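What follows is calculated from the coordinates using simple rules that are stated; it is not laboratory data. The structure displayed is predicted, hence computed values, not measured ones. Every residue, glycine as well, gets a Cβ built from its backbone with ideal geometry; the counts of neighbours run over all protein chains shown.
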Amino acid sequence: MRSTTIDELRSEVEGYIEAAKSAKGDFAMRFLNRAECVLRSYEDVPERFKNVYFKLIEDIGNDME
């Protein structure tokens, strides 16, 4: 588990999300999976904050199908 600030988490996850939006096919899904893994690895971050990004990742993944 990692310990960090919300701003660091936001920056890292949003970077993967933006990369997924720019990528195609399997590469896009890999970036979304990486963003999800990063969210799960951080501790001391409110669950409700994480859930916003989990929902965003899910929505983007559904749009790619």
Index of the failed condition, L32 passing every other in (1) within 8 Å of the chain's Cα centre (by Cα); (2) surrounded by 13 or more Cβ atoms within 10 Å (Cβ to Cβ); (3) without any contact (Cβ under 8 Å) to a residue 12 or more places away in the chain
(3)
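Considering only the range 33-56, state which residues are part of a helix (DSSP H, G or I), aromatic (F, W, Y) and either under 11 Å from R10 (Cβ atoms) or in contact with a strand residue (DSSP E or B) (Cβ under 6 Å, 6 or more places away or on another chain) (or both).
F49, Y53
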